[in-house]
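Q: Quick one: structure below, then a few questions.
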Amino acid sequence: MSSDGAQQDKEENVVKKDKTDGGNHEFERRYCNVTFKGSYTRIRMMTGLLRQGWKQVVSRGYCFANHKPLHVCIVGSGPAGFYTAEKMMKAHENTEVDILDRLATPFGLVRSGVAPDHPETKIVVNQFSRVASNGRCSFFGNVLLGSDISLSELREIYDVVVVAYGAESDRSLGVPGEDLAGIYSAREFVWWYNGHPDCRKMAPDLKSTDTAVVLGQGNVALDVSRILLRSISELQSTDIAEHALVSLRESTIRKVYLVGRRGPAQAACTAKELREILGMKDVQIHINEADLVLSPADEEELKTSRIQRRVYDLLCKSATSHQQLDSAGQRELHFIFFRKPDRFLPLEDNLRVGGVRLEKTCLKENGLSGKQVAIGTGQFEDISCGLALKSIGYKSLPVDGLPFDKYRGVVPNVKGRVVSSNQTQQAEMEQGLYVVGWLKRGPTGIVATNLYCAEETVASILDDLDNGLIVPASGSSKPGRQGLLQVLENKNVRFVPYSGWEKIDSKEKFEGQLRNKPREKLTTWDELLRVADG
């Protein structure tokens, strides 16, 4: 990865190529139904292709020479789930894919995680919609794994089960005062302004304070800071939830502090996100120039990462620009480095947050990892605030019957194959069970990162299928979709089919047109289910 921008461009180009490249289809037309007729040269060419490794060809998403039916269930309808469905259907012409999601709406974090002022990132839903509209693919929304249906039931019904439900919880700081009112995870705040039904009633108080503290300096931290500081005129034409727009219009927050344990050389954001927030109109950027002084260890880190070098250079440029604004419309963004939260300070009522106590840190090299870690110095300082957002990482949750590494927050796997233990030397593969996305690798990467992740998992599925590890020689005897429908009917589960989502989609777009927005999201479970059933 040469840089975050280059990597993102590369990933986006791969997505476009995957959709439009006629070369792949030409390969399928010419070689998937091979009859060894014709010239000696052609036979030699085919033999050469086979010698290069048929499995390698398959793993790249080409046609798979197996005509037995294959019933696949994917739990989770985010990017990882949809990329997996697309790759499986392209690779195996008789694959029937069912995508389950606990929400009534598909697309996961593309809908509920991507910031409303980043519409270009959401264009990928057009590709996913084409996948869902394929006759061999079905969507089952409002179906909760572990409650409406168990993992063991799915494994009995399907030849292949792929868990792709991502990370829907948060890491904890474990410091005093973390349960005070006015403290939220960044995930909750993002879900709130994106209209996720779980956070519809969250109602953060943005009118009783002028200061917010955001703990963390990754892309999500930058997202929530940008939404807090962005002008209403810019937000009101996005698909931001109406309840959030009303609160932000009345917001009195004028200062946001972005707090990081380490220094600018280790900031976890990407240059693209940082450049956007540094270039916001009517926002004064504050960076302590003394924090920008690099140690020899920092210099070594920057030599090995062009991404980090670009981030550091942007911070340096912003610190020396000394932007001057009119005080009337001025908002402030403060980058605070070398600080870690020690405790949250309550107001006099001991119920709401009134500030954050930060401990100054210094960096010390970790002998095991070779990276620099933040060590407390015993010096403290306080920042008063009425809103605190913890952007310290998403966390996946386990379900019954699924091996889970609680320390790392992922499902133990080898190239997407779920294994029974974290000890790979002693682990046994869980037959027919696979993992993809954040649940596989942790909450990292951009939307298109899931494309590569899905390709790896699909390659493992195809390899196991080719070796007879999934479907018995007599062919699939599992019921697949019909079995799922029977279980859901027996349990009286009210699922939302893709046609139900299309009704929601149409309603949201219609309501959005009335407000000059791309869509006005339905934000309660009752609304979503009522419209889906209409």
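The values are calculated or read from the model by the stated rules, or taken from the named source; none is laboratory data. The model shown is predicted, which means the values in this text are computed figures rather than measured ones. Note: ideal-geometry Cβ built from the backbone for every residue, glycine included; neighbour counts use all protein chains shown. Note: accessible area is taken over every heavy atom of the protein model, side chains too, but ligands, DNA and RNA are not part of it. Shrake-Rupley method; radii C 1.70, N 1.55, O 1.52, S 1.80 Å.
Q: Of the peptides 172-179, 380-387, how do they stack up when ordered by the mean number of other Cβ atoms within 10 Å, highest first?
A: Sorting 172-179, 380-387 by mean packing, highest first, produces 380-387, 172-179.
Q: Now, a different point. Tally up the carbon and sulfur contribution to the accessible surface of segment 461-534 as a whole percent, 1.4 Å probe, everything protein left in place.
A: Looking at segment 461-534 in its full context, I get 48 percent from C and S.
Q: Give me the percent relative contact order of segment 286-368, please, defined on Cα pairs under 8 angstrom at least 6 residues apart. Present the calculation step by step, with values, prior to reporting the outcome.
A: Numbers: 61 pairs, mean separation 21.6, N = 83.
Relative contact order comes out at 26 percent.
Q: In addition: Pull up the DSSP beta bridges for segment 252-405 and report the antiparallel fraction as a percent, rounded to 5.
A: 65 percent
Q: Past 28 Å, Cα to Cα, is the threshold; run K281/K317; K272/K340; K87/K390; K371/K406 against it and keep the listed order.
A: Correct reply: K87/K390.
Q: A follow-up question, please. Would you please report the Å³ per residue occupied by the convex hull of the alpha carbon atoms in segment 441-498?
A: Expressed per residue, the convex hull around the Cα atoms of segment 441-498 is 159 Å³.
Q: Quick one: if the Förster radius is 30 Å, what FRET efficiency do R530 and S133 give, using the C-beta to C-beta distance and rounding to 0.05? Provide the component values of the computation, followed by the final result.
A: Details: r = 23 Å, r/R0 = 0.78.
With R0 = 30 Å, the Cβ-Cβ based efficiency is 0.80.
Q: On a 25 Å Cα-Cα criterion, which of the cross-link pairs K478/K503; K440/K509; K255/K303; K201/K507 come out too long?
A: Numbers: K478/K503 32 Å; K440/K509 34 Å; K255/K303 34 Å; K201/K507 21 Å.
Beyond 25 Å between Cα atoms: K478/K503; K440/K509; K255/K303.
Q: If contacts are Cα pairs under 8 angstrom and at least 6 residues apart, what is the relative contact order of segment 375-522 in percent?
A: 13 percent
Q: Of the accessible area of segment 163-209, with the probe set at 1.4 angstrom, what percent is carbon plus sulfur? Please list the in-between numbers first.
A: Values: 780 of 1830 Å².
C and S fraction of accessible area: 43 percent.
Q: Calculate the all-directions average of the projected area of segment 85-136's alpha-carbon convex hull, and give it in nm².
A: 4.0 nm²
Q: Sticking with this one: Give the Cα extents of segment 187-294 along the principal axes, in whole Å, largest first.
A: Largest to smallest, the principal-axis extents are 44, 27, 26 Å.
Q: Next up: Taking only protein heavy atoms into account and a 1.4 Å probe, give the accessible area per residue of segment 61-163 in Å².
A: Solvent-accessible surface per residue comes out at 28 Å².
Q: Once you have the alpha carbon radius of gyration of segment 281-376, what is it after dividing by 2.2 N^0.38 Å, with N set to its residue count?
A: 1.38
Q: Sticking with this structure for a sec: Any idea what Rg and Dmax come out to for segment 239-279 if you just take the C-alpha atoms, in Å?
A: 14.3, 38
Q: I've got another one for you. With a bin width of 10 angstrom, please list the P(r) values of segment 127-271 as percents of all Cα-Cα pairs, from the 0 bin to the one holding the largest distance.
A: For segment 127-271, the binned pair fractions read 8, 29, 29, 21, 11, 1 percent.
Q: Evaluate the relative contact order of segment 355-427 (contact order divided by residue number), counting alpha-carbon pairs under 8 angstrom at least 6 apart; express in whole percent.
A: 21 percent
Q: Right, next: For segment 305-451, what is the accessible area per residue in Å² when the probe is 1.4 Å?
A: 54 Å²
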